[in-house]
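Trainee: What follows is a single structure, and I will ask about it in a moment.
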Amino acid sequence: MFWGYVRTNPKKFFFAVVAVVFLTWLLFDDYGLVTRISMEAEHRRLLHEQEAGQRRIQLNEERIRHAADPDSIEKAARERYNFRREGERLYIIRNE
């Protein structure tokens, strides 16, 4: 039955095969539609990473600008090194 159709309509079969090969090439080639979609998703992910990096840079620059302030030095000493003021109690809570 299939070969009978091919023998009676060789041009239609040829164009159908060419169309299938073209669509396969269009979808799955190195620059095909599937690759393009995955590249766009990766591009969006990288843009979000870049924006997060820019925010971290801005926060670090802000911290550097205020690093010489006495209040920021005291805050860093209290948070990082558990320093305290005279007459002040310090409670350290550890999550285990």
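What follows draws every value from the coordinates through simple rules; no lab data is involved. What you see is a predicted model, and the numbers here were worked out from it, not measured in a lab. In this analysis, Cβ positions are derived from the backbone assuming ideal geometry, glycine residues included, and neighbour counts consider all displayed protein chains.
Trainee: Within the bounds of the range 82-89, is there any residue that is assigned to a helix (DSSP H, G or I) and either over 28 Å from the mean Cα position of the chain (by Cα) or without any contact (Cβ under 8 Å) to a residue 40 or more places away in the chain (or both)?
Mentor: No: zero hits.
Trainee: In the range 1-72, which helices (runs of 4 or more DSSP H) lie fully inside it and hold 1 or more residues that are surrounded by 10 or more Cβ atoms within 10 Å (Cβ to Cβ), among the charged types (D, E, K, R) and without any contact (Cβ under 8 Å) to a residue 60 or more places away in the chain?
Mentor: 10-28, 33-65
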